[in-house]
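Inspection log for the structure reproduced underneath, given as structure tokens.
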Amino acid sequence: MTAGRRLIGSFNHGWMANTMPQAIGARLGSNQWAHLERRPARGRATPSSLSADYAVARVAATATDASADQARRIKSQRQDSILEGVKMPLQGEYEPSPRDWVREQVEEYEASDGRRANTVPETGLPVVIITTRGRKSGKIRKFPLMRVEHDGEYALVASLGGAPTNPAWYGNLIADPTAVMIQDGAEPHDFVAREVHGDERALWWDRAVEAYPSYADYQTKTSRIIPVFVATPSSA
């Protein structure tokens, strides 16, 4: 029986020496181990082998803290990455247009969820409401524009009636092509705009002229090539 107890005792001591330090280290942080190290020993002196066990446990605790810190950093980086891909709604102080007809049409369109003031009065052709951010003022700007839609994308034609210069909103989109909202009906939605050129511009220009034939006349009035943007839903 005595020999059996010694054998079991040796087994238990070996298991505790190899297993307990890692197990305890996984449960205690390095700060807690520092506290334990400062506690006075009780009873007989701690054997050197037990001190070595505590050293192993201390290493395990430090490794656990490092792993936890690394996990937190990875989680934070992932969250930042996700947020970078999320487009926040266009917000800010709204400054209505100084032009009465623009301001009034925007107000009526929004107040009626797009059921009124949704066309060009002279032609009856449909319009949408465009929202951008002023590149200098930082304020929200809104204006009606001819509705040129294809498969969920919209052409934004910077014609300004054939004037020699681009409209102010052209510069706003160049400065921040992600600061775009289009309301085509009851609700506005976020878009990302890009200026198109070459064959792609030609394709969208034909669609624009089909939707609003006066664009072709506007081009004959100016020496500039009227810019065309394509707005794609930001969720696409």
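No lab work stands behind these numbers, since they all come straight from the coordinates. Computed from a predicted model, the values in this text were never measured in an experiment. Cβ placement follows ideal geometry from the backbone for every residue including glycine, while neighbour counts extend to all protein chains displayed.
Taking one equal scatterer on every alpha-carbon of region 119-219, how large is log10 of I(q)/I(0) by Debye at q = 0.17 1/Å? Rounded to two decimals, the profile gives -0.80. Using Cβ point charges alone (K and R +1, D and E -1), the dipole size of region 194-236 about the Cα centre works out to roughly 160 debye.
In terms of its C-alpha gyration tensor, region 89-155 comes out oblate, because a/c is 1.5 or above while a/b does not outweigh b/c.
Projecting the Cα atoms of 185, 203, 165 onto the charge dipole of region 158-215, computed from C-beta unit charges around the Cα centre, puts 165 farthest toward the positive end.
Extending 7 Å from the Cα toward the beta-carbon at both residue 100 and residue 194 defines two label points whose distance is 4.2 nm.
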